[in-house]
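Here is the structure we will look at.
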Amino acid sequence: MLAAAGVAPGQRVCVALSGGLDSTVLLHVLAGLRQAKGFALVAAHVHHGLSPNADAWLAFCASLCNRLGVAFHPFREHVVRNHPAGLEAAAREARHAALARVPCDWLALGHHQDDQAETLLFRLLRGTGLRGAGAMSAVEAGAPGRLRPLLGVRRADILACAGAAGLEWVEDESNADPRYTRNLLRHRIFPLIEDAFPAAVPALARASAHFREADGLLDELAALDQAACGGLPLARAALLELSDERVRNLLRWQMRRMGFEAPARARLVEAVRQLRAVGDQALYLPFDGVACCAYRGQVWLEPEATEDSAPLLHWRGETELPWG
């Protein structure tokens, strides 16, 4: 998988090491491959300070990396406890921010097939779209890129492998707390599902791959529609010849390419309704950080104007200023 992902000799792979079963097994596997494949291996551990055992986990990870001869990057992060999305989201944001500071070409994560199935079910229950239903990908391009070498492996097989190799790992007591939604799914919902559908986990993981494929095709359609509308900015008349679904898909694709999260479907539905309703009139529709603009037969997206983003103009008596 490493070669297929494009991991080249001399590149640096960083394992996101919690000290738990999955990341510990992943670290051992990659440590055994680094010499043959020619990549450098490092590990990073994020100390959230949320558990009384956090210091012990950090010490375990440091000792493990020392035994394996792996460079170790520890981070101590403050987690916002009153985060509007909850403590899990706050810890995840802190962890991602810390890992982003590790100099590496690839970030390796220990997600497995059971995680994939849980992610899909969790997102479907929240009404996700096609992109969200695609869940996680084994390889994601980026700076750094992301690798999930264990994504096709069941957790039970990882546990059996660790036991056969005599490995040790730490257990996060919060993983058993049913107040967290994922734990509720893992410990209560999935056992019921698997009693009725023994192949539920691989089937859900396979479904997520179908969703990712379909989402990729929608991206290709958006690129074709953009070209058919004259590129950027879009020709308004050509854009409105498309169905509402294709207009929404095109706007959503453009927003993601600009680095913004696509808004809720209801807001995009309203945006397309207004584009059709106002005729040739000018239009400015702000979303979260990005705005949809229409003027003189053209439609485009731009970063939403704020007081901070407005240019500071110095008037020196000119009769005209480039007001914008």
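The values are calculated or read from the model by the stated rules, or taken from the named source; none is laboratory data. Keep in mind that this is a model prediction, so the values were computed, not measured. Here the Cβ is made from the backbone with ideal geometry for all residues, glycine too, and neighbour counts use every protein chain on show. Keep in mind that these areas ignore ligands, DNA and RNA; they rest on the heavy atoms of the full protein, side chains included. Shrake-Rupley method; radii C 1.70, N 1.55, O 1.52, S 1.80 Å.
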Provide the per-residue ³J(HN,Hα) series for the stretch 225-237, in order, calculated from phi with Karplus coefficients 6.51, -1.76, 1.60 and θ = phi - 60°, each as a whole number of Hz, with x at glycine and proline positions. 5, 4, 4, 5, 8, x, x, 10, x, 7, 6, 4, 4
Mean Cβ neighbour count within 10 Å, used as a protection proxy, ranking 9-21, 104-116 highest first: 104-116, 9-21
Would you kindly work out the equivalent ellipsoid of the stretch 214-260 from its C-alpha gyration tensor and give its semi-axes, the square roots of five times the eigenvalues, largest first in whole Å? 16, 12, 9
Could you tell me what percent of the accessible area of the chain is made up of carbon and sulfur, with a 1.4 Å probe and every protein chain present? 55 percent
Kirkwood estimate for the stretch 245-294, i.e. one over the average of 1/r between Cα atoms, Å: 11.1 Å
Ranked highest first by the average count of other Cβ atoms within 10 Å around their residues, in what order do 276-289, 208-221 fall? 208-221, 276-289
Given H placed on each backbone N at 1.01 Å, which residues far from CYS104 in sequence or on other chains put an amide H within less than 5 Å of it? none
Long-range HN-HN contacts of PHE287 with modeled amide H, under 5 Å: CYS292
The set of cysteines in the chain having no other cysteine's C-beta under 4.7 Å reads CYS61, CYS65, CYS161, CYS229, CYS292, CYS293
Counting only protein heavy atoms and rolling a 1.4 Å probe, one gets per residue an accessible area for the chain in Å² of 56 Å²
Label HIS314 and CYS293 with points 7 Å out from Cα along Cα→Cβ: what is the distance between them in nm? 2.5 nm
Net charge near LEU301, counting Lys/Arg +1 and Asp/Glu -1 over other residues with Cβ under 12 Å of its Cβ? +1
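Using only the Cα atoms of the stretch 1-148, what semi-axes does the equivalent ellipsoid have when each is the square root of 5 times a gyration tensor eigenvalue? Give whole Å, largest first.
Listed largest to smallest, the semi-axes of the stretch 1-148 are 25, 21, 13 Å.
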Spin-label point model (7 Å from Cα, Cβ direction): what's the TYR180 to ALA214 distance in nm? 3.0 nm
Kirkwood-type radius of the stretch 72-134, with distances r between different C-alpha atoms, in Å: 14.0 Å
Please list, short to long, the whole-number percent of alpha-carbon pairs of the chain in consecutive 10 angstrom bins beginning at zero. 5, 20, 26, 23, 15, 8, 2, 0, 0
Over the stretch 100-186, what per residue volume does the convex hull of the Cα atoms give, in whole Å³? 138 Å³
Counting C-alpha atoms alone, how compact is the stretch 164-289: give Rg to one decimal and Dmax as a whole number, in angstrom. 22.1, 71
So if each residue of separation counts as 0.36 nm, and I subtract the Cα-Cα distance between ARG273 and SER243, what length gain in nm does that give? 9.7 nm
Cα gyration tensor category, rounded, prolate or oblate, for the stretch 21-65 with a/c compared to 1.5: prolate
